[in-house]
């Protein structure tokens, strides 16, 4: 397991994020892109029907139940490029809450605005966003307010123009880049006025507390969780 | 403080003077008149109201609405309808607004690609000419868009930022097949537990000329008045738009039986109980007076 360096740990604590360039090696990335596009295309008609029925937002699109669709989505959860850091920052008490395999259509206004995901009363909540395609500057890239994860940071407001958030940092990146962030901190996807959708995975983790462990959550992939460590990660055992 | 009911409907019995289309809830012999409305308003301390056309979109169908605006010019302003297949809507819009008190038009369809991943060419959106003319003439657009159109709105608002836009009924976009009439003769919109509008119309707060109606709760809620299951929606709207950009409305006459006009004059107190008085006054009328330019009462 690759543990974070002292510099990475210091940045995580001070800024609330880490960037892992080339986190997904080329051959694995190519397979991920192929699988992503296959399932995105296959599931899209049902999503469009749900949009028309008012059951889903038109502004982003998630492949439903990705773990049941391809094993590569499971393997990304404890990928060696960032898994050691996730474990280190949660004192080796890491659980997965879920994956979002997400495509965001281009457009003048992004589907979300500046927000933290959870209050500080919540157990430590971490997300890893993995770009599946290249995400250029000003093309819907992830953005974060460094330091906003700290309890005494802010106050911050929901700046209506995303670019108006003071002190924010944008994260354009190549396909295969992974951005890990503390989701107490304020973050968003930026607007994307280009013609290129943003494809990414957003993996959601928390520091384990007993009440969040739900053995049924990922029971359908128990056969893929053959080590004790993975079974713990997927809440399949205490 | 001015109190303005910023979205409701009146109609007369069908007659040669006031022709209109009929439906099962608005049969030819039903009337919900301006005078009946004024009685409710007087009883509940409401000063003015926005009359929104129902009963047809032709010029002739607007006869009763125009009559009400002419009869009570300091009490009402009006919002009209545009026939969806009108290829040149400009003349229709100008005729209805020419010194009448009608200030804009309601759209329930925007008309563009169904797939948000398709390339969106604004000039090819079906209502482009309506938006363009509204921009040129300072008409207000009153939107209750279908869910399938929600992704088109940012393109139009970006192209025409000067157009004043009012999103009806909490910014919700009804889904196909989700509209019905309930046993009390009220519209009913089946809505998802996680409201997709959080990620579509609620994001339009970045456009300065967009306001949202705090209204229509009865149609979306699964609970009785005061609709506590919708308090989160209200708080989100307040967080995103702020108190200066929300406008209270009753959607008269559908609410007369349940919960009653008077009850709805208290809905903001019930769903946003912590508002400072100034913000409460804004939502209850001051915003509508400023944004829609209601005249001073005589």
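Taking beta carbons within 10 Å but only from partner chains, what does the mean come to for residues A:194-200? List each step's numbers first, then the result.
Working: counts 0, 3, 0, 2, 0, 0, 0.
Whole-number average of other-chain Cβ neighbours for A:194-200 is 1.
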Select from A:182, A:152, A:133 the residue whose mean-square fluctuation is largest in a Gaussian network model of chain A (Cα-Cα springs shorter than 10 Å). A:152
Distance in Å, no decimals, from the C-alpha centre of segment A:176-238 to the one of segment B:139-187 is 34 Å
Between segment A:11-56 and segment B:11-65, the alpha-carbon center distance in angstrom: 51 Å
Sort B:62, B:133 by Cβ crowding within 10 Å, fewest neighbours at the top. B:133, B:62
At a threshold of 8 angstrom on Cα-Cα distance, excluding pairs fewer than six apart, so keeping six or more, what relative contact order does chain B reach in percent? 19 percent
Roughly what would the spin-label model give for residue B:98 and residue B:190, points 7 Å off Cα along C-beta, in nm? 4.6 nm
Relative contact order (%) - chain A, alpha-carbon pairs under 8 angstrom, separation at least six: 29 percent
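Mind sorting B:36, A:199, A:216, B:289 by how few other Cβ atoms lie within 10 Å of their own Cβ, fewest first? Could the numbers behind the result be given before it?
Numbers: B:36 15, A:199 23, A:216 8, B:289 20.
Result, fewest neighbours first: A:216, B:36, B:289, A:199.
Would you order A:87, B:41 from fewest to most other beta-carbon atoms within 10 Å of each residue's own beta-carbon? If you can, show how the numbers build up before the last one.
Working: A:87 20, B:41 23.
So the residues, fewest neighbours to most, are A:87, B:41.
To the nearest whole number, what is the average tally of beta carbon atoms from other chains within 10 Å of the beta carbons of peptide B:151-157? Walk me through the intermediate numbers first.
Numbers: counts 8, 2, 4, 6, 3, 1, 2.
Across the residues of B:151-157, the mean count of other-chain Cβ atoms within 10 Å is 4.
Given the DSSP H assignment, sum -39500 (n - 2.57) over each helix run of at least 4 residues in chain A and divide by its residue total; what's the result at 222 nm in deg cm²/dmol, nearest 500? Intermediate values should be presented prior to the final figure.
Working: 5 runs with 55 residues, N = 238.
Theoretical 222 nm ellipticity from helices: -7000 deg cm²/dmol.
At a Förster distance of 25 Å, what's the computed FRET efficiency of residue A:27 paired with residue A:100, Cβ-Cβ distance as r, to 0.05? Before the final figure, lay out the partial values.
Working: r = 24 Å, r/R0 = 0.97.
The formula returns an efficiency of 0.55 here.
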Expressed in nanometres to one decimal, the distance between label points 7 Å along Cα→Cβ at residue B:229 and residue A:115 is 2.1 nm
Span from the segment B:88-103 Cα centroid across to the segment A:125-154 one, whole angstrom: 48 Å
Taking the Cα-to-Cβ direction at residue B:209 and at residue A:209 and moving 7 Å from each Cα, how far apart do the two end points lie in nm? 4.8 nm
Rounded to the nearest 500 deg cm²/dmol, what is the calculated helix-only ellipticity per residue at 222 nm for chain B, with -39500 (n - 2.57) per DSSP H run of length n ≥ 4? -6500 deg cm²/dmol
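Coordinate-derived values only; no laboratory data. Keep in mind that what you see is a predicted model, and the values were worked out from it rather than measured. Cβ coordinates were reconstructed from backbone atoms using ideal geometry, including for glycine residues, and neighbour counts include every protein chain displayed.
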